[in-house]
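See below for the structure under consideration.
Derivation of every value follows stated rules applied to the coordinates shown; laboratory data play no part. Keep in mind it's a predicted model, so treat the numbers as computed, not measured. Positions of Cβ are backbone-derived with ideal geometry, glycine not excepted, and every protein chain shown enters the neighbour counts.
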Amino acid sequence: MNETSDEEMNIPDTEERMVQVAVEVPESVRDGAKAKLPYGGMSQVIREELNRVAFGEEMGQRSRLESRLEDVREERDKLQRERRELNAKLENLEDQAKDIERKLDDLTTQEDRYEAKLESLEYNIRIEGRNLFADHGQVESIAAEAGKSPEGVIKDLKPRNPDVPDEAFLSGLDGGGGFSPPDKNPKSSLKSAKNIGYGKDGEMRPLEEREEKYRPRDPDADN
C-alpha cells in the first residue's frame, strides 16, 4: 500500500529530504484499518511506528511530552475562559451593588427630606397650637411629595408627639378643638424672651427626649 499525499505526510519544518515508504498488506487489513482510522490515519500510524523504531524511547518521550503540553494548554485555556466568566460576573455584581447603594442614598435623602417636613408640621402643633388633620393642605402637600397618604403622615406624627392630645389631629368638623401646645413659649410674642416655656421662643423639645419621657415603662423593671 502506498500513501503519497503531501498533506497526509505531515512534512516537518526541516530541510531534510522526505522519502516515500511503500507498504504492502492484505487488502482486508487495509480495509479494516481504514474503517477504524480517520482520513490519513494509516499514514500517521506508519509514520509513528517508523519513528518509534528509528528513534526508540526518545521519540516516545517526545510524543508523551507533546501530548502533555496539549493537555496543559487545554486546561490553561479552560481556566482562562472560566476566569473571564468570573470577572464578568464580578463586574455585574459590582454594578448591582453600586446601583443598590445609589438607591439607598436616594432613600436616605428622601427620608431626610420627609423628616424635615415632619418637623415643620410639628412646629405647627407644638409651638403654634394649630390643628393638623388629613385634609389639611400642608399635610396633603407633604404626603404627595413623600408618596404617602395624608392619613399616613398623621399616623407618623402621632407617636412622635405623645404629649399632644388626639384632638390636635382632628379638624373642627371632626371634633378637633383648641389645645395647649406642649412647647409653646408663654411669652411667644416677645421675640427676645429666653428660658421661658421649654426653651427659647420657637424651640421644640427634641424627638428623643419626647420618646424617652413618654415611653411606656415595664412594670417588671422596677422589681
Each residue of region 135-147 in turn: what ³J(HN,Hα) in whole Hz from Karplus with 6.51, -1.76, 1.60 and θ = phi - 60°, glycine and Pro shown as x? 8, 5, x, 5, 5, 5, 5, 5, 4, 5, 5, 8, x
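How would you rank Val19, Val53, going from fewest to most other Cβ atoms within 10 Å of each one's own Cβ? Intermediate results must be reported in sequence, preceding the final value.
Working: Val19 6, Val53 9.
In order of increasing Cβ crowding within 10 Å: Val19, Val53.
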Note, ³J(HN,Hα) from phi for region 23-33, Karplus 6.51, -1.76, 1.60, rounded to Hz, x at Gly and Pro: 10, 9, 9, x, 4, 5, 5, 4, 5, x, 5
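Report, in listed order, any pair from Lys117/Lys148; Lys103/Lys155; Lys117/Lys184; Lys117/Lys158 with a Cα-Cα distance greater than 21 Å. Could you put the intermediate results ahead of the total?
Details: Lys117/Lys148 13 Å; Lys103/Lys155 25 Å; Lys117/Lys184 19 Å; Lys117/Lys158 14 Å.
Distance filter (> 21 Å) returns Lys103/Lys155.
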Within-12-Å neighbourhood charge of Lys89 [Cβ basis; K, R +1; D, E -1]: -3
Residue order, fewest to most beta carbons within 10 Å, for Lys103, Lys34: Lys103, Lys34
